[in-house]
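Asks: Take this structure, written in structure tokens, and hold onto it; I'll ask about it next.
The values are calculated or read from the model by the stated rules, or taken from the named source; none is laboratory data. Quick caveat: nothing in here was measured; it's all calculated off a predicted structure. Cβ: placed from backbone, ideal geometry, glycine included. Neighbour counts: every protein chain shown. Quick note on the areas: whole protein, heavy atoms, side chains included, nothing else; ligands and nucleic acids left out. Shrake-Rupley method; radii C 1.70, N 1.55, O 1.52, S 1.80 Å.
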Amino acid sequence: MMDPAEVEFIAEKQMVEIVPNFNFDRVYLISGEIGPFRAGLPVKVPIWMAINLRQRQKCRILVPDWMDVEKLEQAKEDESASRYFTKMPSEHYMAEAQLILSACGEDVPRADEIRTALKDLWDMRMSKLRSSVDTFIKTGGTHARLDHLTLMEMNSVRPLLPHALDQLHRLSTVRFVFSPLVNSSSCFDMHISILYYCFWC
Amino acid sequence: MFGDKAFELIKELERCPDSLPAFNDEGVRQVLEEMRVLFEQNQKDVNVSVSGDANYFAGVQLRHTSLERNKRCLLAYLYNRLQYIRQMRWEFGSILPPEIKFNLCEPEVKWFGNYSKYLANYMKTIGDGYGLDLTQDTKPPKSLYIEVRCLVDYGKLELEDGEIVLLKKNSQHLLPRSECEPLIRQGILQHIVH
Amino acid sequence: MPLLRSYTPHYFSIDDIMATQERLPCKFEVDVLRLGEYCRNQAKIIMSNTTALKVAKKSFLDPSSDDEDIKTGTTLELPYWLARALCNRNRSIVSVNIPRIYKEAYREILKAEASVVDLHRLCVYFYEFGSYLSGFNHRDSTEIGNLLVQCFKDRFRLIMDWAQNSSGDTSGSGRGAGSDPTARLDNLERGLLITGRSSWEALEAWLSQGGGRPIGPANMVVNHQKRQLANASVS
């Protein structure tokens, strides 16, 4: 299981477009090169860098296309119409939106409506996930196919689901598992005991 | 019944999952005594059995099982305490509060000291010669400096750059995260987020 | 302690030692000689026996008796660890009977309405003890094994719902918490509930505040401070 803060940390690697207000050469990082930065020209950077620059008033963040009320309302409709999980615009839609909106929410028009739409979408998907998990356990399935589930969503059923499956597996194979007290044969055991005490006599 | 005293030890641990009860010297002594009695009686009965009288087998078996049960309970008692003591090194740091240390027996205090020493040595050897404090950064850091409020009168704290900060109760400071995280974990400082 | 680890019994496991201490009715098939101490202490044990299983009257051995042996036909409630060692395929010193909560009458109730049964009251280690019992070569073994699996499946939804609905307190032992429905969980279910709840709470906190949440004090430190405070207010 991961802490949600760790999932968010992974999401911070996603790229986002910014418009810097400064000039700077290309930066070489372990994860790849970024820049060059030209004032007024859009450039792609990881979210963690965008937030840091924005906090120091060095750039404007261009909100990703999908963070838009109409598009999210459409996604909500698709989600409720489908039995399965629909594909989200980003593998980290919740974390990305939360990071970007909390860094520059004031620059985004209708930010509150975006937040609400996202929360609705999230809740819809979570209740879908809950009932799939329940059905999965009840029917005793051994595998399940869950496409388009994002990392934060998968993490929400950890460690409860894997632990429950462990226990279920243990209960159904119980007669063969480790049991510190099962003796293979008492006659055999008796000889062991006797040897044991004779040895110490 | 055989094994009851040993089971008491386990119940003691089970009853308080969030703390370490005082080491039960007397309980452990009684279990060892019971084991001694069981063993000696079994020796006697085995001698009779070996000379041909099979009627004592059942008793030997019963006592032998009880001996094994006592052994399991005793070892589990010691083992689970050690697990807890090890975890304390990660949460309290290398110095335990006196009230807690009081509940450890001699060998446990020594074990804690050794574990603490080995862990410190290990952390010194990793991280390309600079050492790496594995108890740091329990969550991904967001910034190098953080704002903290002091919850107790702690006294002076010397930072790596030589600056000395006086940590008085209710005073607020902007400090390097790496230097105040241990104090936050120990409940001396409180991390403030706006 | 690494509290988020899934549970599997092992030699040092406290839960496993607790579960193997549960008692079951046994009948001695042979004489067991020279157990003076054992007999004399029986009376005391039966008085202080706190397990859910009631001790049958006939299992009382006369405490004033000087009889040092257990006679064939004596019935006693023995803890599982002892019963298991004295009863196996090749040579049975005792024969075991299944405790009534795993017998047909109770099995029917559990099959019909698993989710409302108070497992905690039936047996705190319902699943663990049950799975050990199904290891005996008893005619009900298979049935008990199936029951445990079915019962767990039927009740899982409850555990998941409670874990994801943070009202109510399960930090207590559950005894006396009459209004708290989670007090009906057995030990294994309670473990799942606690891990599930703590991860859910972390997620909820993230949803409302994001990952920039403050670093907190270590759990053990918090518990220690609470205890110090409680002690101070007592004295």
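Asks: If you take each beta carbon of peptide C:12-25 and count the beta carbons of other chains within 10 angstrom, what is the mean?
Replies: Details: counts 11, 6, 10, 2, 6, 14, 5, 0, 6, 7, 0, 0, 0, 0.
Other-chain Cβ atoms within 10 Å of each residue's Cβ, averaged: 5.
Asks: Return the long-range amide H neighbours of B:Thr138 (sequence gap of 5 or more, or a different chain), with a cut-off of under 5 Å between placed amide H atoms.
Replies: Sorted by chain and number, the residues that satisfy this come to none at all.
Asks: Going Cα to Cα from A:Lys44, which aspartates and glutamates come in below 12 Å? Please leave out same-chain ones fewer than 8 positions away.
Replies: Excluding near neighbours in sequence, the set is A:Glu17, A:Glu33.
Asks: Right, another one. Just counting partner chain Cβ atoms within 10 Å, what average do the residues of peptide B:96-109 show around their Cβ?
Replies: Details: counts 1, 5, 0, 4, 3, 0, 0, 0, 0, 0, 0, 0, 0, 0.
Mean shielding by partner chains, rounded to a whole number: 1.
Asks: Starting from the Kirkwood Rh over alpha-carbon pairs, what translational D in µm² s⁻¹ does chain A have by Stokes-Einstein at 4 °C and 1.567 mPa s? Present the calculation step by step, with values, prior to reporting the outcome.
Replies: Numbers: Rh = 21.2 Å.
After rounding, the answer is 61 µm²/s.
Asks: Could you please put C:Phe126, B:Phe39, A:Phe24 in sequence from largest to smallest accessible area, using a 1.4 Å probe? Please report the intermediate quantities before stating the final value.
Replies: Values: C:Phe126 0, B:Phe39 45, A:Phe24 115 Å².
Greatest to least solvent exposure: A:Phe24, B:Phe39, C:Phe126.
Asks: Also: Mind grabbing the accessible area of C:Thr75 for me, 1.4 Å probe, Å², rounded to tens?
Replies: About 30 Å², ignoring ligands and nucleic acids.
Asks: Evaluate the distance, in nm, between pseudo-label points positioned 7 Å from the Cα of A:Glu70 and of B:Lys117 along their respective Cα→Cβ axes.
Replies: A separation of 7.2 nm, rounded to one decimal place.
Asks: Could you pull out the pairs from B:Lys5/C:Lys27; B:Lys11/B:Lys124; B:Lys124/B:Lys156; A:Lys71/B:Lys139; B:Lys5/C:Lys111 whose alpha carbons sit more than 28 Å apart here? Intermediate values should be presented prior to the final figure.
Replies: Details: B:Lys5/C:Lys27 24 Å; B:Lys11/B:Lys124 39 Å; B:Lys124/B:Lys156 25 Å; A:Lys71/B:Lys139 33 Å; B:Lys5/C:Lys111 38 Å.
Long pairs (Cα-Cα over 28 Å): B:Lys11/B:Lys124; A:Lys71/B:Lys139; B:Lys5/C:Lys111.
Asks: Put B:Ile192, A:Ile18, C:Ile194 in order of accessible area, largest first, 1.4 Å probe: what do you get? Mind dumping the intermediate values first?
Replies: Details: B:Ile192 30, A:Ile18 0, C:Ile194 90 Å².
Highest to lowest solvent-accessible surface, that is C:Ile194, B:Ile192, A:Ile18.
Asks: Round to a whole angstrom and tell me the spacing of the C-alpha centers of the stretch B:107-178 and the stretch A:1-76.
Replies: Going from one Cα centre to the other spans 32 Å.
Asks: Right, another one. When Cβ neighbours within 10 Å are restricted to other protein chains, what is their mean count per residue of peptide B:134-145?
Replies: Details: counts 0, 1, 0, 1, 5, 12, 10, 3, 11, 3, 0, 0.
Per-residue shielding by partner chains comes out at 4.
Asks: Still on this model: Roll a 1.4 Å probe over the protein heavy atoms and report the accessible area of A:Ser31 in Å², nearest 10.
Replies: 100
Asks: What distance in nm lies between label points placed 7 Å from Cα along the C-beta direction at A:Met2 and C:Asn223?
Replies: With each label point 7 Å from Cα toward Cβ, the separation is 2.8 nm.
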